Amino acid sequence: MTRPLPPAIVPCAMTVHAPGAPATRRTLHIAEETPVTLSFNGMAHGVMMATPLDLRDFATGFALTEGIIPDLAALKDVTVRAGDDHAGVEMRIDGPSFHRLLVRGRRAMTGRTSCGVCGTDARDVLDRPRRTVPDAPPDLTAVGRALAALPGRQVLNASARMLHAAAWCAPDGEIMHVREDVGRHNALDKLVGAGLRDGVDFGCGFCVITSRCSYEMAHKAIMAGMPGLVAVSAPTARALRVAAEAGLYLAAPARAASVMVPDLVIGK
């Protein structure tokens, strides 16, 4: 019997906090995020994080846009298989295309600015190092203060209007460091690097990001030892699971006027 892929969208219970108002409950539908191994003629090529839907289309488009096949005729077969916590797409391509791929070399794919690429095997995602973070959830008033102040600290984005930002905030919400980049992962890595160079104690305070919170953003915050991560856009389901496992307090989506906290994280 073929194992089904997980649902692409899942419901998540949220508690909404707004200044001067009682907390309310809301169900938010969030996207699932699954490591998808892409293989050609039995050779693992790379792993992409993707919504587990239309994976046959995804793999076909990827093969063409990455120059692995010149046209659809070179793609002979596509098989999608679901694992316990990942998916795999096996593509069979013609001889000339596979030869060109071998000449390019079996390697981990180049990282993108928009989504994580994690090596050549799903274990590169599933077996990443795990740690716990300090139990120090941020004060929601401080979170609102930081969110209100962040746009004024996004110097590059004030001109370009297209960059992500990651900010490190003191417990009272004062923004201490801001880094910007076209890639959300890059902005967070820059912030962590700046903090390490300046001797920042990442165990005291919280991080704000101006993007959605994917599993990789949560993982990066955990590896830096941050107790709290606040994201302007919604989290993925995998990000919530990763955060809960490490004790990371995750608030997303968050605005200065209201902050949503997944119930999975409350009372950790």
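Dipole magnitude for the chain: about 180 debye, using +1 per Lys or Arg Cβ and -1 per Asp or Glu Cβ, origin at the Cα centre.
Assuming R0 = 25 Å, what is the FRET efficiency of THR141 and ARG241, from their Cβ-Cβ distance, to the nearest 0.05? Display every interim value, and only then the final one.
Numbers: r = 28 Å, r/R0 = 1.12.
So the FRET efficiency works out to roughly 0.35.
Summing +1 for each Lys or Arg and -1 for each Asp or Glu among the other residues whose beta-carbon sits under 9 angstrom from that of ALA187 gives 0.
Most simply put, the chain has about 75% antiparallel DSSP beta bridges, counting only bridges with both residues inside it. For region 132-268, the gyration tensor built on C-alpha atoms gives a rounded shape. Its axis ratio a/c (a ≥ b ≥ c) stays under 1.5.
The computed semi-axes √(5λ) of the Cα gyration tensor in Å for the structure shown corresponds, within (1) 28, 25, 15; (2) 37, 21, 16; (3) 28, 28, 18, to (2).
Applying 1/(1 + (r/R0)^6) with R0 = 35 Å to the Cβ-Cβ distance of LEU72 and LEU126 gives a FRET efficiency near 0.65.
Here the Gaussian network model covers the chain, with springs between Cα atoms less than 10 Å apart; of PRO227, PRO137, PRO151, PRO151 fluctuates the most.
Site pair HIS99 and HIS29 shows an inter-label distance of 4.9 nm when each label is modelled 7 Å from Cα along Cα→Cβ.
Within the accessible area of the chain, the carbon and sulfur atoms contribute 54%, probe 1.4 Å, all protein chains present.
Return the FRET efficiency for the residue pair ARG56, ALA160: r is the Cβ-Cβ distance, R0 is 41 Å, and the value is rounded to the nearest 0.05. With R0 = 41 Å, the Cβ-Cβ based efficiency is 0.65. Solvent-accessible area per residue for the chain at a 1.4 Å probe radius, Å²? Computed with neighbouring chains in place, this is 47 Å² per residue. Each part gets one Cα centre, and for region 129-208 versus region 1-67 those centres are 25 Å apart. Charges were assigned to the Cβ only: +1 to each Lys and Arg, -1 to each Asp and Glu. The resulting dipole of region 160-227 about its Cα centre is roughly 260 debye.
The values are calculated or read from the model by the stated rules, or taken from the named source; none is laboratory data. All values reported here derive from a predicted model rather than from experimental measurement. Using ideal geometry, Cβ is built from the backbone for each residue, glycine included, and neighbour counts are taken over all protein chains shown. Heads up: the accessible areas ignore ligands, DNA and RNA and are worked out on the full protein's heavy atoms, side chains in. Shrake-Rupley method; radii C 1.70, N 1.55, O 1.52, S 1.80 Å.
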